[in-house]
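These notes concern the structure reproduced below.
The values are calculated or read from the model by the stated rules, or taken from the named source; none is laboratory data. This structure is a prediction, so every number in the text was calculated from the model and none was measured. Cβ placement follows ideal geometry from the backbone for every residue including glycine, while neighbour counts extend to all protein chains displayed. In case anyone asks, the SASA skips ligands and DNA or RNA and just uses the protein heavy atoms, side chains included. Shrake-Rupley method; radii C 1.70, N 1.55, O 1.52, S 1.80 Å.
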Amino acid sequence: MTRLTAVLTALLALFLGITGTAAAAAPPAWPLVVADSTGPEVTSVQYLLRQQGAQIDADGIMGPKTTAAIKAFQSSHGLAADGLVGPLTWAKLVVTVDTGSSGEAVRGAQHQLVRHGYSLAADGVFGPGTTTAVTDFKTKHGLAATSQVDATTWQWLIGSTPTINGWSLPLAHNALPRSEYDDPHHDYPAVDLPVGTGTRALAVISGTASRVDDDTCGRGIVITANGVRYIYCHLSQWSVATGTAVQPGQLVGLTGATGHVTGPHLHFGIKINGVSHCPQKLLLALYDGQNPPAPSSLPTSGCFY
Ligand SMILES: [Zn+2]
C-alpha cells in the first residue's frame, strides 16, 4: 500500500466512522405483553385492538377480555394464537396514522405521546397539536421529521423509555417495579437492580461513555456528564464504544453477570470526585416521571428509603 493510499484509507475509515455514529439508532425492542401485564404498552395494545373493533376497555391491564381479543386477532392474521404480544403480533397490530386521521389508533398514539411528556388531549383526532408532537418526537429519535406514525415510529413510541428533562431511567420502565429502586446496596452507596441477562441498560443522561473491563465491575460502562460519573457494571455486552456521546435513553449495553457477582443484575452507581452517592432518590424520581434531584445533593451514606 502506498503512503497516499494508506492516508486515503484512514480518511475513509474516519469518514465512515463519523457518518456511522450520525445514523439513526436502531429502534428499541418491542415490549413483550403477557397475561396480567400492566402499563402503557398494554394500553397501546388495547387501543390498537379497539381500532380493529374489539369491545374492550383501554385500562392498561392485560386481563382475560384483552387476552381473548389478542387471540382472536392472532387467529385472523395467520399468527399463533398464544395471547402474547411479541414482535410478530405488534407488527400486525400497529396501523399507520398521520395528520387528519382519527380513531382509536390515534388515541393510542396520543396516549404514548403524553407518556413521553407531550401535553395533548387523547381525543382520537390527529390535529395540529398531535402533528407538532409527533414531528418533534421523531426528530428527537433520529427519524424523518414528518407527522406520519408508521411502524418504526410506533416502535419508538411504545418501546422507548421517556426522557424527563434530559434524564432517563437506566432500564425500561416496565423492567422492574418501583420497589426495586429504593433498595439499599449491600456494600456502599449504589444500587443493584435485579434484572436477568440481556436486559437493555440505558444512558441516564447525555454524556460521554467509556468502557470498563475489570474483575470487580466486569464489563461496565461509565457515562461522564458535568463532572459526575454514572457507573453500570456486570454487563454481558457493551453497546457503545469508549468516547461515544450518548443521549438519555440510549442503549449502552445488555445486562449480565460479568465481574464480581453472585448472579445477573445491573449495578448502578453515581460518583462525584471519587465519592459514591446514593442513587435511590434520583431513580425513584425518574420512575415517578419527576425531575430528579441534583446528583451532588444525593446522600453519601445510608441509602435506606
Ligand atoms: Zn452492586
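So here's what we get for this one:
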read-out: Expected 222 nm ellipticity per residue - DSSP helices of 4 or more, -39500 (n - 2.57), all of the chain, to 500; value: -9500 deg cm²/dmol
read-out: His267 long-range amide H proximity, modeled H, under 5 Å; value: Leu193, Cys233
read-out: Contour excess over end-to-end distance, with Cα ends at Ser119 and Asp213 and 0.36 nm allotted per residue; value: 29.6 nm
read-out: Percent of Cα pairs exceeding the 27 Å cut-off, where the set is the chain; value: 48 percent
read-out: Heavy atoms of Val222 accessible to a 1.4 Å probe, total area in Å² rounded to 10; value: 10 Å²
read-out: Percentage, to the nearest whole number, of Cα pairs in segment 173-297 over 18 Å apart; value: 48 percent
read-out: Debye log10 I(q)/I(0) at q = 0.10, 0.14, 0.23 Å⁻¹ for segment 40-159, Cα point scatterers; value: -0.28, -0.54, -1.30
read-out: In order through segment 196-208: 3J(HN,Hα) via Karplus (6.51 cos²θ - 1.76 cosθ + 1.60), integer Hz, x for Gly, Pro; value: x, 4, x, 6, 6, 9, 10, 5, 7, 8, 6, x, 10
read-out: Solvent-accessible area, 1.4 Å probe, carbon plus sulfur percent, for segment 36-144; value: 55 percent
read-out: Within segment 173-297: Cβ-based charge dipole about Cα centre, in debye rounded to nearest 20 (Lys, Arg +1; Asp, Glu -1); value: 320 debye
read-out: With all protein chains modelled, accessible area of Lys71 [1.4 Å, Å²]; value: 90 Å²
read-out: Mean separation of Cα contacts under 8 Å (6+ apart) over length of segment 91-159, as relative contact order %; value: 38 percent
read-out: Top of Ser147, Ser75, Ser44 by mean-square fluctuation, Gaussian network on the chain, Cα under 10 Å; value: Ser75
read-out: Spin-label pair Ser75/Ala35, simplified geometry with 7 Å Cα→Cβ offset, distance in nm; value: 1.7 nm
read-out: Length-normalised contact order for the chain - Cα pairs under 8 Å, 6+ apart - percent; value: 14 percent
read-out: Dimensionless Rg/Rh of segment 96-174 - Kirkwood Rh, Rg from C-alpha atoms; value: 0.94
